[in-house]
Structures are given as structure tokens and as C-alpha cells.
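A quick write-up on the structure given underneath.
What follows draws every value from the coordinates through simple rules; no lab data is involved. Worth saying up front: this structure is predicted, and the values here are computed from it rather than measured. Heads up, the Cβs are rebuilt from the backbone with ideal geometry, glycines too, and the neighbour counts pull from every protein chain shown.
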Amino acid sequence: MEEIKLRQIDWEKTGYKLKLLRNDNLNLRRYVCWWLSKNQFDDRHLCYDYKCEDCVFEMDQNISQAELGAVMSTGSVANWETGRTPIDVENLMFYCKLCGVEAEDIIVYKD
């Protein structure tokens, strides 16, 4: 048997990866657009029958912290992305599911 060492997460670098996903993940953009359409009745995000494949709304290339915050936690997104506060496990797993990635793809460990 070999020793298993506890690895420390670099929350600043992990937060930066969360920001990159927010700026460049189609699954996340679609979900946020759908959620805003369904829950806030925002005419800008009006999808036909809530089916993203049939949506005529031309999405922006990225979503804002406020838009993602409406789905997750408004003030927390900025704090996660800067590494000011670590993202909790529940939100990390939710974020991963929305983006279609694994937690290990997001988490950055300290050397």
C-alpha cells in the first residue's frame, strides 16, 4: 500500500476555470437561457415550448454573472470566480452537470 496525500485545492485557479466555463460553455448558456425564459418570463429568452433546439433567440457568446446567479446564487458566482470564497460541493456538482463536465476537469490543485 502507498501513502495517499491530501491535496489542497487552489480556489483562485479553480474559480478562473469556472469563469472560463461561464464564458464558453454552450450547455450552460442554453440552460441559463431556458431557465430565464421559464422562470422570469424574459421576452429576450423566449423559447418555443422551452425546447432549446427550436429556439429562435440568438444567445450571446457568454452569460453574465448575474444571469448565472439567477439560476445558482447571485452574489456567489463572482466570489467563486475570483477565489474569494470556495464553491461548495453541491454547487460544484450542479455546475458540472449543467456544463456536462466532471469535477476533476474544473478543480485545480496546488503543487
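Legend: ranking of residues Y95, Y16, Y109 from fewest to most surrounding C-beta atoms inside 10 Å; resulting order Y109, Y16, Y95. By the count of other C-beta atoms within 10 Å, a proxy for reagent exposure, L92, L68, L20 are ordered fewest to most as L20, L92, L68.
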